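Here's the structure we're looking at; comments come further down.
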Protein chains: 2
Amino acid sequence: MGRKRIRDIRNEELIEATIVAVHTRGYGVVTMAEIAREAGASAASINYYFGSKEGLMEATMRHLLNKLKQAMIRGYSTADTPKDRLYAVMDANFDDDLFKVAQCSLWMQFWASAPYSPRLSRLHRINRNRVRSHFLAELRRLVPPEQLETARHALQCYMDGVWLQAAQSDVPLDPAKARKAAHRVVDLVVG
Amino acid sequence: MGRKRIRDIRNEELIEATIVAVHTRGYGVVTMAEIAREAGASAASINYYFGSKEGLMEATMRHLLNKLKQAMIRGYSTADTPKDRLYAVMDANFDDDLFKVAQCSLWMQFWASAPYSPRLSRLHRINRNRVRSHFLAELRRLVPPEQLETARHALQCYMDGVWLQAAQSDVPLDPAKARKAAHRVVDLVVG
DNA sequence: CTGAAACTTGAATGGTCGTTCAAAAATTGG
DNA sequence: CCAATTTTTGAACGACCATTCAAGTTTCAG
């Protein structure tokens, strides 16, 4: 079973290299050779592990989505009131581990190309629905029914917009500040 | 001077074809041949008019940015109060001519690739700054100074987020509905 | 230690695509 | 109608790249 170990280590290394390489070169133009160089490996070995470039991209996206999921679970575990849980959903998206330029950049680029890849658009849809239902679950207890959809829409769009701008930043991000700003927006929306 | 005319007509046709082709195939993978087929021309003639693929993309982006600018000027001309002008800034982005899936899709894809093209990132920066200063000019008269930046940030991120989601839609958009929703969000933010 | 399984890679392959160019076609001014 | 200019395009070029493969190297269970 020690045989399994190496595969996992390599996977992680290659995915990290992918995040860096895609951020610096762009999703559309990054080459297998560049990713390989970033990882200190060869293009051929990436195919050995992920089968194809698309497989690598999908795995990288899964990796990020999983990070987000974990951050959300982590936040939920210490939130008691509906409003705290609403904060937690926001905070998960601006977690220290997630809210970095390279990762936001990657996210946005996957986003932009999701409509053209069934595998990516599936991941995208699943994630969006999860976030949506988390928002709805908490908002239901905080705003009257007729405002529910408006509030959810405003918050979810706001969140997407913040990521979008973050991806364009040429200076390191400040996750704590982003969380503060998000809380203020939440307060604005749920009163 | 009749000599100039054909060039303008062709330019417009080729840009329209680019919007459609990029939307259906994706910015990263669309080929000159596909755009040419969409326009009923040859790939060579596109290079004749725009010099290169990047030139075509920049021209297409300029075309969209100009549409947005015109819509904003149009809106401003009939708005009297600060709040009406704030609505107008929003409405310009959700104008009937602009808020279509293909154009939102294109917008997002240009956005995603702007950081890797000096020419595109310049356009992007200019547009962002224009929107920002319009927001600030009106908000200054509507919210206390200490809330100014929060309000601008919330509205601008919301707007970006709406476009981002619109780009993913698989059904035609409803600009009037989007404007209504945006107005509700504005009301939420400026009280 | 040994052999098999896991891993790695350089080189070759096959294909794609942006761009160029020369020549043809269309347009226009005189 | 003529010649000059503009416009169009098919074909060719050259570069690039994901993927494959055969031949190596490393790892490890027995």
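The values are calculated or read from the model by the stated rules, or taken from the named source; none is laboratory data. Computed from a predicted structure; not experimentally measured. All Cβ positions, glycine included, derive from the backbone under ideal geometry; neighbour counts span all protein chains shown.
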| note | Among A:Ala79, A:Ala71, the single one that is under 27 Å from B:Val185 (Cβ atoms), in contact with a helix residue (DSSP H, G or I) (Cβ under 6 Å, 6 or more places away or on another chain) and surrounded by 19 or more Cβ atoms within 10 Å (Cβ to Cβ) is A:Ala71
| remark: Expected single match for farther than 24 Å from A:Trp111 by Cβ, more than 16 Å from DNA strand C (Cβ to nearest atom) and not hydroxyl-bearing (Ser, Thr, Tyr) among B:Asp84, B:Asp8, B:Asp95 is B:Asp84
| request: Could you please give the count of residues in the range B:142-177 that are among the basic types (Lys, Arg) and farther than 17 Å from A:Val186 by Cα? | output: 1
| query | From B:Ala44, B:Ala36, which residue is aliphatic (A, V, I, L, M) and either modelled with pLDDT under 95 or surrounded by fewer than 16 Cβ atoms within 10 Å (Cβ to Cβ) (or both)? | reply | B:Ala44
| query | Under the condition of being in contact (Cβ under 8 Å) with a residue 60 or more places away in the chain and farther than 22 Å from A:Lys180 by Cα, which residue from the range B:127-159 is nearest to the chain's Cα centre (by Cα)? | reply | B:Asn127
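Yes/no matrix, rows are residues, columns are (1) within 14 Å of chain B (Cβ to nearest Cβ); (2) within 16 Å of DNA strand D (Cβ to nearest atom):
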| residue | (1), (2) |
| --- | --- |
| A:Ala59 | no, yes |
| A:Arg62 | no, no |
| A:Leu65 | no, no |
| A:Ala71 | no, no |
| A:Thr78 | no, no |
| A:Pro82 | no, no |
| A:Ala92 | no, no |
| A:Phe99 | yes, no |
| A:Ala102 | yes, no |
| query | Taking the condition near DNA strand D (Cβ under 7 Å from one of its atoms) and out of contact with any Asp or Glu (no Cβ under 6 Å at 6 or more places or on another chain), does B:Tyr27 pass? | reply | no
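Suppose the filter is within 20 Å of B:Met108 (Cβ to Cβ) and either more than 14 Å from chain B (Cβ to nearest Cβ) or in contact with an Asp or Glu (Cβ under 9 Å, 6 or more places away or on another chain) (or both); does A:Arg37 pass it? Before you say what the answer is, go through the steps one by one.
On the way: within 20 Å of B:Met108 (Cβ to Cβ): no; either more than 14 Å from chain B (Cβ to nearest Cβ) or in contact with an Asp or Glu (Cβ under 9 Å, 6 or more places away or on another chain) (or both): yes.
Criteria not met by A:Arg37.
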| said: So, in the range A:44-55, exactly how many residues are more than 14 Å from chain B (Cβ to nearest Cβ), touching a residue at least 12 places away in the same chain (Cβ under 8 Å) and near DNA strand D (Cβ under 7 Å from one of its atoms)? | reply: 1
| Residues of the range A:134-191 satisfying the condition of being more than 12 Å from every other protein chain (Cβ to nearest Cβ) and of a type in the set (A, V, I, L, M) | A:Leu136, A:Ala137, A:Leu139, A:Leu142, A:Leu148, A:Val171, A:Leu173, A:Ala176
| request: Return a yes/no flag: does the range A:99-110 have any residue that is modelled with pLDDT under 95, more than 23 Å from A:Pro172 (Cα to Cα) and crowded, with 17+ Cβ neighbours inside 10 Å. | output: no
